[in-house]
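Okay, so here's the structure we're looking at.
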Amino acid sequence: MRATKKSGTAAEEEWPDRLDALVAAPKHHRRLFENDRVRVLDTRIAPGDTVPVHTHRWPAVHQIVSWSDFVRRDAASRVTADTRGRPAPASLPAVMGGEPLPPHPLENVGAAGLHVISLEQKNPAGW
């Protein structure tokens, strides 16, 4: 299975199956449901854990079940997100949207587990 990503007017890009979250980081991602339109992932990252390089090829709606600070890097190890020093969600669960994420590792640098349920939209233009 090869999938493509389309972002607005951006050209389609192929995202290798070997980097899909379920393949590259199965310790941290579990499929709850999937059909031809959506995929629902349960992501759990323990304190101190680093999730190997992986992708999320589709835009998603994320329900943050439990929060912890994290650092996300790109494939070249440059920091793309560091939540330390930013306010945590005011209340949990919290819901937020997210764009597809190219190859990245993610490290839980907080004291709690990070738990997120994501509904990925496989064909967002078709909604």
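No value in this document is a laboratory result; all are computed from the given coordinates. Keep in mind that what you see is a predicted model, and the values were worked out from it rather than measured. Methodologically, a virtual Cβ is constructed for each residue, glycine included, from the backbone with ideal geometry; neighbour enumeration extends over all protein chains shown.
Determine, from the Cβ-Cβ distance of A81 and N35 and an R0 of 30 Å, the FRET efficiency 1/(1 + (r/R0)^6), rounded to the nearest 0.05. The formula returns an efficiency of 0.50 here.
Springs join every pair of Cα atoms under 10 Å in this Gaussian network model of the chain, and among V51, V79, V109 the largest mean-square fluctuation is at V79.
Computed over the chain, the quotient of the alpha carbon radius of gyration and 2.2 N^0.38 Å is 1.03. According to the square roots a ≥ b ≥ c of the eigenvalues of the Cα gyration tensor, what is the shape class of the range 71-127, taking rounded for a/c under 1.5, prolate for a/b larger than b/c otherwise, and oblate for the remainder? Oblate. Counting only DSSP beta bridges with both residues in the chain, the antiparallel share comes to about 95 percent.
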